[in-house]
Amino acid sequence: MGQKVNPIGFRLGVYRNWDARWYADKEYTKLLHEDIAMRRLIGSRLRNAGLARIETERSANQLTVIIQTAKPGIVIGKQGASVDALRDELERISGKKVRVTIHEIKTPELDATLVAENVASQLEKRIAFRRALKQTLMRSMRAGAKGVKIQVSGRLGGSEMSRREWDRDGRVPLHTLRANIDYGKAEARTTFGRIGVQCWLYLGDFVTATGEPIAPGKDRAEDRGLEDRVPVPAARVAEAPAEAVAVITEAVDVPEVEIEELPTDDVVEIDEDEEVIAAAGVDPAAGGEKVEKLTPKRAPARRKPVVAKKPASVSRVPKKLVKKADAPADVAEEEEE
């Protein structure tokens, strides 16, 4: 089984903010159901307006609803008629004064929810799913996305058995917490059934509060600890007792002189003698002469068997005869002497 985490929920409280920004202690269940009902109402009324995100903020006597859409003209309507009707219905559900704010999304290709809805609308028009995926990927990458991944699942092409197909372009680092990954999903209602569409968009890295991008591999411990960055005031240094400082200076001065004088001469002399003895392998007195005599003797000893190998076909009999012939010649020389 695959363990998958929602990329938006994974970054909540660290880099992203909540869609519902309010707090309730006793009436939490009631207010939660109000939020769900309002979101369903807005989604059903503005299904073709390119809704991307609905945010809610609550105060004591007022409710603020922020609608992010790619087509603000449809939401507003002629002379604001659609907004007024929507506001009246929201006030009826919540029982409080409702303030509706509309934000326009200028690049819908860089919003995951809108990209998923675009693919779903193409599937409802009976466009081949592979063609829809490739065209949508190309548009998002041209708009400036660093990576896009789209997945469709259901009875693709009208097949009896449902399956999953996905396509990706660029890189989508889901496990990198500082990566700004937008996630959205939609449903295509076809004659064969519903086809689910999921979209992941990698839009770059989040920035810090100062507006500077976070450098990769930066130690997060440095960001948490402010004491390292703040210089130590002079008052803390003055509070230290003078006796402790004097003891430290005395303890440091004495061992430096002793360590420098003692080990330098002895170590050099011992190392040179030991290296010469280890290289020769003999006593230091006669080591040099023996090494010089042994080197020329070993060289011819290795060459002799090479010459002796040539007459390999000669039998052993003539060799014995040669040795017997050499013996009387030596005896004759001794008699002459």
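The values are calculated or read from the model by the stated rules, or taken from the named source; none is laboratory data. Computed from a predicted structure; not experimentally measured. Heads up, the Cβs are rebuilt from the backbone with ideal geometry, glycines too, and the neighbour counts pull from every protein chain shown. With ligands, DNA and RNA removed, areas are computed over all heavy atoms of the protein, side chains included. Shrake-Rupley method; radii C 1.70, N 1.55, O 1.52, S 1.80 Å.
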Pairs only if they're at least six apart or on different chains, beta carbon under 9 angstrom, first in the range 87-111 and closer than 18 Å to Gly144 by Cα, second of a type in the set (Ser, Thr, Tyr); list them, first residue then second.
Ile105/Thr69; Glu109/Thr136; Glu109/Ser140; Leu110/Ser140
Is it the case, given these coordinates, that Leu12 is touching a residue at least 24 places away in the same chain (Cβ under 8 Å) and within 41 Å of the chain's Cα centre (by Cα)?
no
Out of (1) farther than 30 Å from Lys30 by Cα; (2) of a type outside the set (Ser, Thr, Tyr); (3) modelled with pLDDT under 90, the one Met138 does not meet is (3)
Filter the range 115-170 down to residues that are acidic (Asp, Glu) and out of contact with any Ser or Thr (no Cβ under 7 Å at 6 or more places or on another chain) and give me whichever is nearest to Ala186 (Cα to Cα).
Glu117
Pairs, please: C-beta under 7 Å, at least 6 apart or cross-chain, first residue under 19 Å from Ile127 (Cβ atoms) and in the range 156-168, second open to solvent by 100 Å² or more (accessible area, probe 1.4 Å) and in a loop (DSSP other than H, G, I, E, B)?
Gly158/Phe192
Within the range 156-205, how many residues are buried (at least 17 other Cβ atoms within 10 Å of the Cβ) and of a type in the set (Gly, Ala, Ser)?
4
Could you please let me know if Val152 is in contact with a helix residue (DSSP H, G or I) (Cβ under 6 Å, 6 or more places away or on another chain), surrounded by 13 or more Cβ atoms within 10 Å (Cβ to Cβ) and assigned to a strand (DSSP E or B)?
yes
If I go through the range 1-16 residue by residue, how many of them are closer than 26 Å to Lys71 by Cβ, at pLDDT 90 or above and of a type outside the set (A, V, I, L, M, F, W, C)?
1
